[in-house]
Amino acid sequence: MKKIIFSIAALFILFITYSQSVFTGLPIPKPVSAVHGIGRFLLPHEITIITGKNTELKKIANRLAIQFRNATNYKVTIKEGTATSTGTIVFLLTADKKIPAEGYRLQVKQTSITITASEPSGIFYGVQSLLQLFPPQIEYTLGSNGSNSNDWTISTTTIEDYPRFAWRGLMLDVSRHFFTKKEVEDYIDEMSKYKFNILHWHLTDDQGWRIEIKSLPKLTSVGAWRVDKTGTFGTFSTPAPDEPRTYGGYYTQEDIKEVVQYAKDRYINIIPEIDIPGHSLAAIAAYPELSCTPGNYQVNSGEQFMVWPSGGHFYGLIDNTLCPANEKVYDFLDKVFTEVAQLFPFDYIHMGGDETARNFWEKTDAIKSLMQKENLQNLDEVQSYFVKRVQAIINSKKKKMIGWDEILEGGLVPNATVMSWRGMKGGIAAAKQGHEVIMSPTDFVYLDYMQGDPSIEPPVYASLRLKKVYDFEPVPDSTNPALIKGGQANVWTEQMYNTRHLQYMTWPRAFAVAEVLWSPRTSRNWDDFIQRVEFNFNRLDMANVKYSRSLYDPIVSVTKKDSVQLVVTLNTEVKDLAIHYSFDNSFPDQFYPVYTTPLLVPKDAATIKMITYRNDQPIGRMMVIPVAELKRRVK
Ligand code: ACM
């Protein structure tokens, strides 16, 4: 008997050891269900991918083959095969109604892998999940500083998966700073690995018009260029009238077609945004007759031109709006949307509609006449008149219109989709009126905001930590869920001068967005998510993609004791971190005191310095906050 118990125990230990040696990383976004088996699959040196006849599946296989070859140096062959063919990896399209749109079933057995879906996008998403089961070296790209793994082993697994929302978006602003076609394509690549399916391309704004419109050449010959400035965008000195305008760029129509196809191959639709009637200075610099206010205009180069009084209504120092009372504006927009509609196959066009400063309209006779003629009671109704005219133009191109939530002001005609950004309330109101809604609220998904302590992040006027993004819930309790198409995070690039910083601001917060928009509400679990974030950091390292490590830095809050002494409370988003600190100006390390309870700031201290450690290794960054700054932060 003892012998039997011993043998069972030995087998059990063997099983534990064995299964621990097998990599069982789980993807972001978390699949609907994933069951790990006992055995393991080892990638053979000669890999065969069976695709069937579908040309999209062949394209997916081609890219997978390139990735395997780069990472492993193994031989990869793609075969059409038949329904019964065996291969290392088999793609199967079925009419199985149990697999929903974009969904897939991924079965990793000991000798082969099968991905089954009812449409090619499902196969694509199955491949993305499969790649996240392999060690991070699978993301190896030439030039990344990782070494190849030679243990291409994953545990046997069955994943059943499909998305919660049909709209899983990221918005990229290429107006404030320009990103090349290649940089946009690289961004699309990274998005697609995490199952985003919408790129909202913010193509026009006060700082640059970035899409070639052949019938309106000055939009890009004039509107795409500004003075090159570096520092804190929005605070720059006003350029001299003759200062060279060397910063900028635009996408030719050929570029656009290429990017659209590139995205389509990765199951991402692109929605173009032409932001009007506000945010239109670049267009007005090109065609000043589109303004209500005659004058000479220049593309904004990052100098202040709008004022945002706290608690008050914002206004423009110069008129950056298209004039709703000018018929030339609608002729102009007809030309623009004709070409835009031809370039983008997606059903929707975004017309912006946000933050229209109307202080110049107030003073314009033409607007007063329009109000009389059309019986418009106020400027909300003038704006609404404009939006309705734009909607008619967009619909005449066989496209549906989306706008930011300001399009509700003054009344909105049916069939427009509302993107709620000023919190969720615009989305809730829009859904009450029966409009489709995309939730994109500043307080949860504005990825231009700082993601850690202001003392250590590039300055932006607001903050948004990873945990808050993970808490985003796109469907408010009171709202018909059928009208919430999904959600989207927005990457405004005023303070993002290059693609490395763009990546830093996007990841890992876009991981959280991806999970919120794909995975079931009930499966959300912060600690589990963080484990997968950390695994995916290694993948980003292999892919040479930058990301922020702000999640490891302390969260600082300051209060006062007895109205005199400063009290600093420290927290972390991630568990199992030790915060070491000093008040004596020296740099703390693991031999310094560990934070356990709120700290009384010594009366004459000049700074607090702190850094987090995990397992005696530094993991956060050295944070330094002057006591004068702590005083400013007192709540
Ligand atoms: C916006 O952030 N102005 C839509």
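The values are calculated or read from the model by the stated rules, or taken from the named source; none is laboratory data. Since the structure is predicted, the reported quantities are computational estimates derived from the model, not experimental observations. Here Cβ is always computed from backbone atoms with ideal geometry, including for glycine, and neighbour counts include all displayed protein chains. These area figures cover heavy atoms from the full protein model, side chains too; ligands, DNA and RNA do not enter into them. Shrake-Rupley method; radii C 1.70, N 1.55, O 1.52, S 1.80 Å.
Taken as Cα centroids, the stretch 81-131 and the stretch 500-577 sit 33 Å apart, rounded to the nearest whole angstrom.
Near residue 193, once Lys and Arg are set to +1 and Asp and Glu to -1 for all other residues with Cβ below 10 Å from its Cβ, the sum equals 0. Pairs spanning more than 22 Å between alpha-carbon atoms, out of 59/195; 264/335; 432/485: 264/335. Listed by chain and number, the aspartates and glutamates placed with their C-alpha closer than 19 angstrom to that of residue 575 are 453, 471, 527, 528, 534, 553, 589, 616; residues fewer than eight positions away on the same chain are left out. Taking the Cα centre of the chain as origin and assigning +1 to Lys and Arg Cβ atoms and -1 to Asp and Glu Cβ atoms, the resulting dipole is close to 1760 debye. Take the stretch 425-469 with all the other protein chains still there, run a 1.4 Å probe, and you get 37 Å² of accessible area per residue.
Pairs of Lys residues in the stretch 349-405 that lie 8 or more places apart, or on two chains, and have C-alpha atoms under 26 angstrom apart add up to 8. Of the whole protein surface, residue 108 contributes about 10 Å² of accessible area at a 1.4 Å probe radius. Between residue 632 and residue 501, full extension at 0.36 nm per residue minus the direct alpha carbon distance yields a gain of 44.3 nm. Computed from the Kirkwood radius of its Cα pairs, the Stokes-Einstein diffusion coefficient for the stretch 288-430 at 25 °C and 0.890 mPa s stands at 151 µm²/s. Note on the chain: helix-only mean residue ellipticity at 222 nm, from DSSP H runs of 4+ residues weighted -39500 (n - 2.57) and normalised by residue number, equals -9000 deg cm²/dmol. When all protein chains stay in place and ligands, DNA and RNA are ignored, the 1.4 Å accessible-area order of 225, 361, largest first, is 225, 361.
Cβ under 12 Å from residue 227's Cβ, residue 227 left aside: what net charge do those residues give with Lys, Arg +1 and Asp, Glu -1? Local net charge: -1.
For the stretch 91-133, carbon and sulfur atoms together expose 54% of the accessible surface, with a 1.4 angstrom probe and every protein chain in place. Using Cα atoms only, what is the angle between the long axis of helix 365-374 and the major principal axis of the chain, expressed in degrees (0 to 90) to the nearest 10? The angle comes out at about 80 degrees.
Every Cα-Cα pair of the chain was included, and the share exceeding 41 Å stands at 35 percent.
For a straight C-alpha distance cut-off of 25 angstrom, the lysines reachable from residue 561 (same-chain residues fewer than eight places away being disregarded) are 603, 609, 631, 635.
Taking all protein chains together and a 1.4 Å probe, the residues 339, 56 rank 56, 339 from largest to smallest accessible area. Under Stokes-Einstein, with the Kirkwood radius over Cα pairs as Rh, the value for the stretch 379-469 at 4 °C and 1.567 mPa s is 89 µm²/s. If you take all other residues with their beta carbon under 11 Å from the beta carbon of residue 575, and give Lys and Arg +1 and Asp and Glu -1, the sum is -2.
Over the stretch 280-330, the ratio between the Cα radius of gyration and 2.2 N^0.38 Å evaluates to 1.21.
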